[in-house]
Amino acid sequence: QVQLVESGGGLVQAGGSLRLSCAASGRTIGNYAMGWFRQAPGKEREFVGAINWSGSWTYYADSVKGRFTISRDSAKNTLYLQMSSLAPEDTAVYYCAADTTTNWGTWLALRRYYDFWGQGTQVTVSS
């Protein structure tokens with residue numbers, strides 16, 4: 001099994017930036033597709049973006065496209081989410097997740113494809 005721990009969340013003003021990290025342990029995530037999701041109060045967990053095992057392919061939700069960037073560092077066994085031009089609508093708990101089965105595809109926007117999840121980190125954007 002793999003354990004995922006998110007960090008880097010906090011309070012930021014609108015227009016600002018944050019970088020979230022997802023540190024994996026227990027096993028390497030180097031051969032897994034990975035995803036970021038977020039959940040605001042009263043809403044379902046929604047897709048943010050995904051990345052294939054090598055980092056050569058990424059896919060983003062329309063709501064964050066052009067503002068957020070997913071990357072990974074195999075040496076550190078870590079997944080990242082760089083967030084820029086943040087708006088209050090981005091306020092949510094952000095979760096990382098690992099898909100141990102598939103390589104990549106737009107279906108990774110669906111929560112059911114992921115096998116392991118972190119506990120989440122809070123991102124709050126003030127206006």
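What the table shows:
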item	result
³J(HN,Hα), Karplus 6.51/-1.76/1.60, whole Hz, each residue of the stretch 64-74, x for Gly, Pro	10, 4, x, 10, 10, 9, 9, 8, 8, 10, 5
Gain in span if fully extended, residue 106 to residue 7, counting 0.36 nm per residue against the direct Cα distance	33.1 nm
Normalised per residue, the volume of the convex hull around the Cα set of the chain (Å³)	92 Å³
Accessible-area composition of the stretch 79-120, carbon plus sulfur, in percent [1.4 Å probe]	49 percent
Stretch gain in nm, segment residue 45-residue 63, where the contour uses 0.36 nm per residue and the Cα spacing is subtracted	5.1 nm
Solvent exposure ordering (accessible area, 1.4 Å, most first) of 101, 28	101, 28
Accessible area in square angstrom per residue, the chain, 1.4 angstrom probe	50 Å²
Of every Cα-Cα pair in the stretch 71-127, the percent that sits beyond 18 Å	48 percent
Rg/Rh for the stretch 1-59, where both radii come from Cα atoms and Rh is the Kirkwood radius	1.00
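The values are calculated or read from the model by the stated rules, or taken from the named source; none is laboratory data. Keep in mind that what you see is a predicted model, and the values were worked out from it rather than measured. Ligands, DNA and RNA are excluded from the accessible area calculation, which covers all protein heavy atoms including side chains. Shrake-Rupley method; radii C 1.70, N 1.55, O 1.52, S 1.80 Å.
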